[in-house]
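Student: Encoded as structure tokens, here's the structure I'll be asking about.
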Amino acid sequence: MKTKILIAMLSLCALSGCAELPANAGKRELMIVGNDEKQAWDEAGRVVLGAPGRDSVSVIDIGADPLAPRILVNLPLDNTIAGPPVNLAITPDEGLALVANSLNVVEEAGVRKQVPDNRLWVIDLNANPPRLIDTVAVGRQPSGLTINRAGTLALIANRADGSVSVMRIAGKQVTLIDTVVIGEQVAHVRFTPDGKRALAVKFPGHKVAMLEVDGEKVSYNKVDLAAGLWPYNVDVTPDGSLALTADNGNSGASDGHIDTVSVIDLQATPPRVIDKVVVGDGPEGLAISPTGKLAVAVLLRGSNAAKSAFFYNRNGSVVAMRIDGKKVTVTNEVEVRGLPEGAVFSQDGRYLYVGNFIDQDISILRVDGDRLVDTGKTLKLPGHPASMRGRTH
């Protein structure tokens, strides 16, 4: 049936003289983006908090045409830039999206301030259009989260509580079933591909906690690995051999000093940090391609700092890293736009999407071997992209 439809589309194109169809025409591939409309920075680099109630979560199809993604819906849901840009995820079957809201802005005595939230949004991606179907209470300041490949379990790092929430996923039902106490602030947590372990980055502790997973039981046996300074984000190669951490270097901000990506050998007994790759100032976004051959670190480069700061740059950048066995090497760097946060690879690994918070858009980059190339194309968003994620792989 799909073949007949494709032949009909090609015939229609030939008769009408339309442009060539994309190679994956008609294939849905989703990406979600959290837009925060509450936080900005002034000329001196100071945080300016706006009124709440204008945030959104965009559900975007990048499959039909990778160079011209289509926004399916913008859901009015609270979101925040405070935290790593991985506070949301899509199940492997693209049936559900989970989005954690880390902080709220409240006003007391005429002064606005941020306070921890504890809400997890559950979005039905199969609905037309996608819609919110549940709100689940988790730990305080839920931040980076992860879903296992089976689509049955999710973990959420709760920064204010120093814990990890364990969530059961059964069809469209998402339930909090356990809380694992870490004892200090964790920014993000990531399953290994086999679902038997998870890595949680202990942000102020400069370490990575190893969690053991047995069915729905998640345990922390006090095994830590020493990462670089202020590890904010973590990802794992599709074969489970390596993990990479984005070592932010300055508690969630850039400072003009060089920072690193730590390389963890997960096949070693015990697992250990085997290298640190110098990438630049303020790596925050981090992603490994579904091919397992390329990784990227998204650099802030002082793009939200005081314009008088020696390390201020109008735009951030993305650093590409080739993965060859256990060796990770920088290949090139591409400038994007103001305050880049999240990064998402297409499922075939041919394209990379980077959210630019200040410019309210997404840069579309092409993967050329082990390097990145700017296509010059962008997708305008209804707000400021604070976080973004594709389907769990």
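The values are calculated or read from the model by the stated rules, or taken from the named source; none is laboratory data. This structure is a prediction, so every number in the text was calculated from the model and none was measured. Cβ: placed from backbone, ideal geometry, glycine included. Neighbour counts: every protein chain shown.
Student: Considering only the range 317-327, I want to know if a residue exists there that is acidic (Asp, Glu), surrounded by fewer than 24 Cβ atoms within 10 Å (Cβ to Cβ), free of Cβ contacts under 8 Å to residues at least 40 places away in the same chain and not in a loop (DSSP other than H, G, I, E, B).
Tutor: yes
Student: Can you work out which of the residues in the range 264-294 that are hydrophobic (A, V, I, L, M, F, W, C) and in a loop (DSSP other than H, G, I, E, B) is farthest from Arg366 (Cα to Cα)?
Tutor: Ala268
Student: Can you spot a residue in the range 265-280 that is touching a Gly at 6+ places or on another chain (Cβ under 9 Å) and small (Gly, Ala, Ser)?
Tutor: Checked against the condition, which is being touching a Gly at 6+ places or on another chain (Cβ under 9 Å) and small (Gly, Ala, Ser), the range 265-280 yields no hits at all.
Student: Using beta carbons and a limit of 6 Å, which pairs, at least six apart or on different chains, have the first residue in the range 362-378 and touching a residue at least 40 places away in the same chain (Cβ under 8 Å) and closer than 12 Å to Asn332 by Cβ and the second one assigned to a strand (DSSP E or B) and of a type in the set (Asp, Glu)?
Tutor: Leu365/Asp374
Student: A further question on this structure: Between residues in the range 260-271 that are small (Gly, Ala, Ser) and residues that are crowded, with 22+ Cβ neighbours inside 10 Å and assigned to a strand (DSSP E or B), which pairs lie under 8 Å by C-beta distance while being six or more apart or on different chains?
Tutor: That search, which allows pairs on different chains as well, returns Ser262/Val208; Ser262/Pro231; Ser262/Leu244; Ser262/Thr245; Ser262/Asp247.
Student: Check whether at least one residue in the range 293-300 is β-branched (Val, Ile, Thr), surrounded by fewer than 23 Cβ atoms within 10 Å (Cβ to Cβ) and in contact (Cβ under 8 Å) with a residue 24 or more places away in the chain, and report yes or no.
Tutor: no
Student: Can you confirm whether Gly342 is buried (at least 24 other Cβ atoms within 10 Å of the Cβ), modelled with pLDDT of 95 or more, under 20 Å from Pro283 (Cα atoms) and out of contact with any Leu (no Cβ under 6 Å at 6 or more places or on another chain)?
Tutor: yes
Student: Would you please name the residue that is farthest from Gly240 (Cα to Cα), looking only at residues in the range 328-360 that are in contact (Cβ under 8 Å) with a residue 40 or more places away in the chain and among the β-branched types (Val, Ile, Thr)?
Tutor: Of everything passing the filter in the range 328-360, Ile358 is farthest from Gly240 (Cα to Cα).
Student: What number of residues within the range 230-262 are among the hydrophobic types (A, V, I, L, M, F, W, C) and surrounded by fewer than 15 Cβ atoms within 10 Å (Cβ to Cβ)?
Tutor: The qualifying residues number 1.
Student: Still on this structure: Considering (1) farther than 22 Å from Leu96 by Cα; (2) in a loop (DSSP other than H, G, I, E, B), say which one Thr378 fails and leave the rest.
Tutor: Checking Thr378 against (1) farther than 22 Å from Leu96 by Cα; (2) in a loop (DSSP other than H, G, I, E, B), the one that fails is (2).
Student: What are the residues in the range 60-74 that are surrounded by fewer than 21 Cβ atoms within 10 Å (Cβ to Cβ) and under 26 Å from Val189 (Cα atoms), if any?
Tutor: Asp61, the sole residue that qualifies.
Student: Go through the range 129-161 and count every residue that is crowded, with 20+ Cβ neighbours inside 10 Å, closer than 17 Å to Glu184 by Cα and not aliphatic (A, V, I, L, M).
Tutor: Total meeting the criteria: 8.
Student: Every residue in the range 147-161 that is assigned to a loop (DSSP other than H, G, I, E, B) and within 17 Å of Gly240 (Cβ to Cβ), please.
Tutor: Listed by number, the residues that qualify are Asn148, Arg149, Ala150.
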